[in-house]
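Just below is one structure, and these are the notes that go with it.
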Amino acid sequence: MIEIHDITKTFGQQHAVDHVSFRVAKGEIVGLLGPNGAGKSTLMKILTCYIPPTTGEARVCGHSIYDESLEVRRHIGYLPEHNPLYPDMYVREYLRFAAGLGGVKDVSGRADEMIELTGLTPEAHKRIGQLSKGYRQRVGLAQALIHDPEVLILDEPTTGLDPNQLEFIRSVIRRAGQDKAVLLSTHIMQEVAAMCSRAVIIHHGRIVADEAVSNQTASQLTDRFHKLTEN
């Protein structure tokens, strides 16, 4: 589903992403971990065709980010780190708008389905600008899922959620990961332990670990993370 081959991105003399290669298959939820500035968001922007790499190649569902960028975008649901929403639009109105952009046939029905799936029903009558940060994050997740993409790329998807909301959103992502390829970034090791099948740790733009998460606790993952990123 996602194939990354020797991707490098430089800004001047800085290597934000440095010869990165890995794959994410259908049915996998892969956690992309790393300190601030490690290159996680840059890599996600490359995969979603927001910025080009300096060198290397990536494919999403077999489509090249260079020659088939529109096809890549059609197959991706993307929740960026800074969730861009229209604050003057109502929740249901915005999701219908997003469904229309995504080519969904039953725009109203799909919007209502996503409102229920992401727990937005109590807030669906409000303008997005009136929502708490946690509910705005839910709107962003609903938007990423609304066209039923084969690939989900989620940059800090649980940011702003309170403890009561976390398990609900985890379950939504886990359910989506059963038949999609999911790449998500997070700083919260409990999220990795709860949702991910693999962890890819990136440091100074390079992959320093790519390993299974199964049978590892959040504490063990934290210790492993610190050992690999302490320099």
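Phi angles across the stretch 6-22 convert, under the Karplus curve 6.51 cos²θ - 1.76 cosθ + 1.60 with θ = phi - 60°, into 3J(HN,Hα) values of 6, 6, 10, 9, 10, 10, x, 8, 8, 8, 5, 10, 10, 6, 9, 9, 5 Hz, Gly and Pro given as x.
Bridgeable lysines around residue 45 (alpha carbons under 25 Å apart, same-chain partners fewer than 8 residues away excluded): 9, 26, 133, 180.
Please give me the summed charge of the neighbours of residue 125: other residues whose Cβ is under 11 Å from its Cβ, Lys and Arg +1, Asp and Glu -1.
The answer is +1.
Near residue 87, within a Cβ-to-Cβ distance under 14 Å, what is the net charge of the other residues, with Lys and Arg +1 and Asp and Glu -1?
Working: positive: 126, 127, 133, 136; negative: 88, 93, 123.
Result for the neighbourhood of residue 87: +1.
Rg over Rh for the stretch 83-148 works out to 0.91, both radii taken from alpha-carbon positions and Rh defined as the Kirkwood radius. Inter-label distance, residue 164 to residue 106: 3.2 nm, where each label sits 7 Å from its Cα along the C-beta direction. Rounded to the nearest Hz, the phi-derived 3J(HN,Hα) couplings of the stretch 177-183 under the Karplus curve 6.51 cos²θ - 1.76 cosθ + 1.60 (θ = phi - 60°) are x, 5, 10, 10, 9, 10, 10, where x marks glycine and proline.
Residues in the stretch 170-202 near a label at residue 19, defined as backbone nitrogen under 18 Å from the 7 Å Cα→Cβ point? It comes to 201-202, nothing else.
Within the shell defined by Cβ-Cβ distances under 9 Å, the residues around residue 184 carry a net charge of -3, with Lys and Arg each +1 and Asp and Glu each -1.
Checking every one of the GluC sites (Glu not before Pro) in the stretch 191-231 against DSSP loop status and a limit of 10 other Cβ atoms within 10 Å picks out 230.
With bins 5 Å wide beginning at 0, the percent of Cα pairs of the stretch 20-84 falling in each bin runs 3, 15, 26, 29, 19, 7, 0. How would you classify the stretch 1-133 from its alpha-carbon gyration tensor, with a ≥ b ≥ c the square roots of the eigenvalues: rounded for a/c under 1.5, else prolate if a/b is greater than b/c, otherwise oblate? Note, shape of the stretch 1-133 comes out prolate. Database remark: amide H of residue 152 closer than 5 angstrom to the amide H of 77, 181, 182, 183 (H placed geometrically; neighbours at sequence offset of 5 or more, or on other chains; Pro and chain starts carry no H).
Computed from the coordinates by the stated procedures, all read-outs in this text should not be read as laboratory data. Just so you know, these numbers come straight off a predicted model, no measurement behind them. Because the Cβ atoms are built from the backbone with ideal geometry, glycine has one as well, and the counts that use them run over all protein chains shown.
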